[in-house]
Amino acid sequence: NGKDKTFTFDYSYWSHAKDGQTDFATNESIFKDLGHTILDNAMQGYNTCLFAYGQTGAGKSYSMVGSEEDKGIIPLAMDDLFKRIEDNKQENIKYIVEASMLEIYNETVRDLLNMDKMKKHGLKIRDHPVLGPYVENLKREVVASYEEIENLMEEGTRARTV
């Protein structure tokens, strides 16, 4: 229609070449910008979600999982989460951590931890009037450590499409 459109971003990161780049964004720097806020909300009792979106090969998995030298957002967040739970001194507060792993590929939602019950057309995204959006029949595992989450991530990664 000829009108200019304005887009704003909370953050923008440089991640193409690490060597010699002072503005290269490590996963830890991204976690410092995003992860602490997500964890703060989770610790207050809110459901939280970190969503990685982009074309194949853009680096979503690397940002989320990382490498031995550059841990991803998930390992960093889980280390921090379980440390916060361990440091909790309030006996009247109980924490339950659940993990799930899904993939949206070609507009189909797939449960990567429950491939046996996958329907031909994938899972449905619903909207609960009080709790908000959720994925119907998505498997949720109660976990007590990052190691348990890491095992689930390995299982889910094997089930990915790409």
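Each value in this text was obtained by applying a stated rule to the coordinates, not by laboratory testing. Not measured: the values here are computed from a predicted model. Backbone-built Cβ (ideal geometry, glycine too); neighbour counts: all protein chains shown.
Run the numbers for residue 151 and residue 10: contour at 0.36 nm per residue of separation, minus the present Cα-Cα distance, in nm. Walk me through the numbers on the way to the answer.
On the way: separation 141, 0.36 × 141 = 50.76 nm, distance 3.23 nm.
So the chain would gain 47.5 nm between residue 151 and residue 10.
Go ahead and set up a Gaussian network model of the chain, Cα springs under 10 Å, then flag whichever of 36, 128, 16 fluctuates most.
Sorting by GNM fluctuation, first place goes to 128.
With a/c under 1.5 counting as rounded, go ahead and sort the chain into rounded, prolate or oblate using the C-alpha gyration tensor (a ≥ b ≥ c being the square roots of the eigenvalues; past the cut-off, prolate if a/b is larger than b/c, else oblate). Display every interim value, and only then the final one.
Numbers: a/c = 1.38, a/b = 1.09, b/c = 1.27.
Rounded, because the longest to shortest axis ratio a/c is under 1.5.
Run the count for segment 5-131, please: Lys pairs, Cα-Cα under 27 angstrom, 8 or more apart or on different chains.
So the count of such lysine pairs works out to 17.
For an R0 of 22 angstrom, estimate the FRET efficiency from the Cβ-Cβ distance between residue 158 and residue 49 and round to the nearest 0.05. If you can, show how the numbers build up before the last one.
On the way: r = 22 Å, r/R0 = 1.01.
FRET efficiency, residue 158 to residue 49: 0.50.
Hey, for a label at residue 62 modelled as a point 7 Å past Cα toward Cβ, could you say which residues of segment 122-162 have their backbone N under 12 Å away?
No residue passes the distance filter.
From the Cα gyration tensor of segment 46-127, with a ≥ b ≥ c the square roots of its eigenvalues, which class applies: rounded if a/c is under 1.5, or else prolate if a/b is larger than b/c, or else oblate?
oblate
I need to check one value: relative contact order of the chain, counting alpha carbon pairs closer than 8 Å and at least 6 residues apart, in percent. Don't jump to the answer; show the numbers that get you there.
On the way: 147 pairs, mean separation 25.4, N = 162.
For the chain, the relative contact order is 16 percent.
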